[in-house]
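Here is the structure we will look at.
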Amino acid sequence: MSIDIFGFRALWSPYFLVSLILVLVGYVLLVSKFRHKFIHNEPVGIKQQALFITAIVLLYVIKGSPLDLLGHIMFSAHMTQMAFLYLVVPPLLIMGIPEWLWRSILHIPLIKGMFNVFTKPLFALITFNALFSFYHIPLVFDFVKTDMLLHAGYTTLLFISAIFMWFPLVNQLPERASLSGVKKIAYVFGSGILMTPACALIIFATDPLYSTYSDASAWLVAMELCVPASALSGLTLSGPEMFNGLPIMDDQQLGGVLMKIIQEIVLGVTLGYIFFAWYRKENGSNDEIDPVPSQIQTVK
């Protein structure tokens, strides 16, 4: 059966789309027309603007397109959402915001205090992965997925903690450079290790873990998070298998595998970015030293 039966609002989240368009308009105005209102307001290059725009477009695809609806039907789609929402969007957002705007944001006392505490590398790394693993405990997962406010609150908390986790790795502020090249590499490896238990729990489980994807009544309650009650009330639904061609266990294991694969790809790209940035920095330092002349002329 097609997911079109849930209606336009459930499929395309028009209110969320309008909100993100307003964010984009605000960003463009800040980095162009109102840039002169900030100190050290260097022009923002096209590449940096493209990073921010890409992050916002991805955010809409993840949380506003039919993928969000599929994420309530197929566990594999849900885990794909999680991977992009917490591993791809945050670093793009951080790198897409210019240094002078970051300094203005971090000048706000409350935000400055939060970043001073929560972006400490070890604390940020452990906090995000602890929240991520805790969320995927079956009892917690099903409870959160069936309460709209709790679900919105927890996923927002996870997203903010992902920002904190990525900030020490990819921010370009010299005064916030808390990790050297070697420490950044260790940080990336640590992230990969800490997320593995949650993925392994899902991949190697022998039974369905989550009622919100295997039990029809729990699933219908969870669907209320993304489908208007008026649309659901007019439908006769027996369970997610009406829209999912994969057996429950295959879908569950695929979700864990996709999460781990996407994580490894993202962390691999991040390692490459860190290594080459480190290499360029070291090479630049060497180039600053005056070379020894190849020939020394003696004045006779």
Any hit, region 241-253, residues being touching a residue at least 24 places away in the same chain (Cβ under 8 Å), surrounded by 13 or more Cβ atoms within 10 Å (Cβ to Cβ) and under 17 Å from the mean Cα position of the chain (by Cα): no
Residues of region 77-111 satisfying the condition of being aromatic (Phe, Trp, Tyr) and farther than 30 Å from residue 248 by Cα: 100, 102
Test: residue in region 84-94 that is touching a residue at least 60 places away in the same chain (Cβ under 8 Å), over 13 Å from the mean Cα position of the chain (by Cα) and farther than 19 Å from residue 21 by Cα: no
Close pairs (6 angstrom Cβ cut-off, 6 or more residues apart or separate chains): within 19 Å of residue 117 (Cα to Cα) in region 176-192, part of a helix (DSSP H, G or I) and modelled with pLDDT under 90 anywhere: 184/274
Qualifying residues in region 107-130 (those that are among the hydrophobic types (A, V, I, L, M, F, W, C) and surrounded by 18 or more Cβ atoms within 10 Å (Cβ to Cβ)) - the one nearest to the chain's Cα centre (by Cα): 128
Selection count, region 42-78, where residues are within 14 Å of residue 212 (Cα to Cα) and not in a loop (DSSP other than H, G, I, E, B): 6
Subset of region 11-41 (residues that are among the charged types (D, E, K, R), outside any loop (DSSP other than H, G, I, E, B) and loosely packed, with under 15 Cβ neighbours inside 10 Å): 37
Within region 42-69, considering residues that are within 19 Å of residue 251 (Cβ to Cβ) and crowded, with 19+ Cβ neighbours inside 10 Å, the one nearest to the chain's Cα centre (by Cα): 62
Some residue of region 163-171 being surrounded by fewer than 14 Cβ atoms within 10 Å (Cβ to Cβ) and either of a type in the set (Ser, Thr, Tyr) or under 18 Å from the mean Cα position of the chain (by Cα) (or both): no
Residue match in region 179-189 (condition: small (Gly, Ala, Ser), more than 16 Å from the chain's Cα centre (by Cα) and part of a loop (DSSP other than H, G, I, E, B)): yes
Filtered residue count, region 106-131, keeping only those that are closer than 22 Å to residue 155 by Cβ and not hydroxyl-bearing (Ser, Thr, Tyr): 14
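The values are calculated or read from the model by the stated rules, or taken from the named source; none is laboratory data. Keep in mind it's a predicted model, so treat the numbers as computed, not measured. Using ideal geometry, Cβ is built from the backbone for each residue, glycine included, and neighbour counts are taken over all protein chains shown.
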